[in-house]
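Worksheet for the structure shown next.
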Amino acid sequence: MTAQTNTTNDVQLSLGETFPEIRELVRRICKDFPGSYWRTLDENQAYPTDFVGALTKAGLLSTLIPEVFGGLELPLSAASAILEEIHASGCNAGACHAQMYIMGTLLRHGNVAQKDMYLPDIASGKLRLQAFGVTEPTSGSDTTKLKTRAEKQGDHYIVSGQKVWTSRALQSDMMLLLARTTPLSEVKKKSDGLSVFLVDIRESLGKGMEIKPLRAMINHNTTEVFFDGLRVPAENLIGEEGKGFRYILDSMNAERILVASEAIGDGKWFVSKSTAYVNERVVFDQPIGRNQGIQFPIARAYAEIEAASLMVKKAAALFEAGKPCGAEANMAKMLASEASWHAAEAALQCHGGFGFASEYDIERKWRETRLFQVAPISTNLILAFLGEHVLGMPRSY
Ligand SMILES: Cc1cc2nc3c(=O)[nH]c(=O)nc-3n(C[C@H](O)[C@H](O)[C@H](O)COP(=O)(O)OP(=O)(O)OC[C@H]3O[C@@H](n4cnc5c(N)ncnc54)[C@H](O)[C@@H]3O)c2cc1C
């Protein structure tokens, strides 16, 4: 811990509202996508094509891509601001947030040819890289035990196995895939022997790759992906074979910080909706907000959101400075997901029966924000990471 404190002394935090102009742009875009738009999609488990199109047109999904490849080349905190505003406006960025951060693995670890081939089209929105295949049905959070195998045969890898919860695979042109290239029994460290591939979904469907939609409690366009002898060109391997686990860690820290920002946005939306409702709803001849039993859970959630937001800013500042930020990214995700959940619970409770009526959007957002305590990493795994790697307690699993 001491070592990390020393290396972070020179990182500065700005406490004011970041990127006000970008936030204003996002709010303007989101105005065109009111609750009714999201409710219809939710009912049909449909993809928000128009919403994603509007964000793409405004260039917002290219935020993190360098200008030389046609992106906006803004820091992670700008992407944080965008996603927070989307969620604070009652919208949901789950349909496209991965387009922002998955390419981080390609950007940092891909070779020149791969970057030249893919990044400009990702920046323009012509190419969608928004599927990230890590989780598997049998190994779950124990990522290094994943069973999907990629075996080199000449100038191709042959991929067999299965992924689950691969979101947006049906709305993506490419997938970033984590697969084992050296059996677990043959590696020194269990995180060795995993490799990352860019899989072209368009060329692979029906040729050893099958995607099945997975209906879920929220509309997240998630899927199961089956690989049976899929041929992936060797040139689609990112970086060195066997080092894929560390390549995706960078993307995972960015993902946690960005998902935490979405949770902060949700929390703000819930607090704003709750405050407006309890000031207006009169029961027993007075606004229900006058009762401390109603007021305090909302006020507590507000305080938690403010505190979690500071951790998100700290994690983003460390990420941008190129400093270690695993602990902060994890804490940000955990604190923000809990704060947004407490705000969601307060909102559902203070709306009484109307909280359950779809037209208020409370129940939809309540379901949506619950995800953040499970994905992209569950709270227990974060606590286990902090216990072991930050506090030096024994590994519990
Ligand atoms: C809507 C949705 C979208 C998703 N999108 C993607 C995606 O795009 N790509 C992708 O790769 N994955 C995706 N995921 C998967 C997600 O990352 C995992 O569900 C999550 O990491 C938890 O893994 P698991 O479901 O296998 O749970 P498990 O690993 O089976 O864990 C189940 C529970 O046990 C707890 N647990 C497990 N081990 C321990 C331990 N040692 N100590 C204490 N508690 C423990 C966990 O915290 C959890 O609460 C998505 C999931 C959902 C629901």
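Select from region 262-300 the residues that are assigned to a helix (DSSP H, G or I) and of a type in the set (S, T, N, Q) and list them in ascending order.
Listed by number, the residues that qualify are Ser272, Ser274, Thr275, Asn279, Gln292, Gln295.
If you check every pair at least six apart or on different chains, which have Cβ atoms under 7 Å apart with a residue in region 36-49 that is in contact (Cβ under 8 Å) with a residue 40 or more places away in the chain and on the phi < 0 side of the Ramachandran plot first and a residue that is surrounded by 11 or more Cβ atoms within 10 Å (Cβ to Cβ) and of a type in the set (A, V, I, L, M) second?
That search, which allows pairs on different chains as well, returns Tyr47/Ala95; Pro48/Leu41; Pro48/Ala95.
With modelled with pLDDT of 95 or more, under 16 Å from Glu262 (Cβ atoms) and part of a helix (DSSP H, G or I) as the only criterion, which of Ala303, Ala327, Ala316, Ala347 stands out?
Ala316
Looking at Ile362, Ile305, which is the one that is more than 16 Å from the ligand (Cβ to nearest atom), closer than 13 Å to Val271 by Cα and touching a His at 6+ places or on another chain (Cβ under 8 Å)?
After ruling out the rest, the residue left standing is Ile362.
Could you check how many residues of region 66-79 are closer than 23 Å to Lys314 by Cα and either within 16 Å of the ligand (Cβ to nearest atom) or of a type in the set (D, E, K, R) (or both)?
1
Which ranges mark the strands (runs of 3 or more DSSP E) fully within region 189-243 that have 2 or more residues being in contact with a Lys or Arg (Cβ under 8 Å, 6 or more places away or on another chain), in contact (Cβ under 8 Å) with a residue 40 or more places away in the chain and crowded, with 19+ Cβ neighbours inside 10 Å?
Per the criteria, 194-200, 222-233.
Within region 136-180, how many residues are part of a loop (DSSP other than H, G, I, E, B) and out of contact with any Gly (no Cβ under 9 Å at 6 or more places or on another chain)?
10
Report whether or not Arg290 is within 16 Å of the ligand (Cβ to nearest atom) and surrounded by fewer than 21 Cβ atoms within 10 Å (Cβ to Cβ).
The answer is no for Arg290.
Would you check which residues across region 373-388 are more than 10 Å from the ligand (Cβ to nearest atom) and touching a residue at least 24 places away in the same chain (Cβ under 8 Å) and list them?
Correct list: Phe385, Leu386.
For Thr40, all conditions in the list (1) of a type in the set (S, T, N, Q); (2) exposed (fewer than 15 other Cβ atoms within 10 Å of the Cβ); (3) under 28 Å from Asp250 (Cβ atoms) hold save one; what is the number of the exception?
(3)
Only one of Ile29, Ile82 is closer than 26 Å to Leu318 by Cα and either in contact (Cβ under 8 Å) with a residue 24 or more places away in the chain or crowded, with 16+ Cβ neighbours inside 10 Å (or both); which?
Going through Ile29, Ile82 in turn, just one is closer than 26 Å to Leu318 by Cα and either in contact (Cβ under 8 Å) with a residue 24 or more places away in the chain or crowded, with 16+ Cβ neighbours inside 10 Å (or both): Ile82.
The values are calculated or read from the model by the stated rules, or taken from the named source; none is laboratory data. On a predicted model such as this, the values are computed, not experimentally measured, just so you know. So basically every Cβ, Gly included, is an ideal-geometry build from the backbone, and we count neighbours across all protein chains shown.
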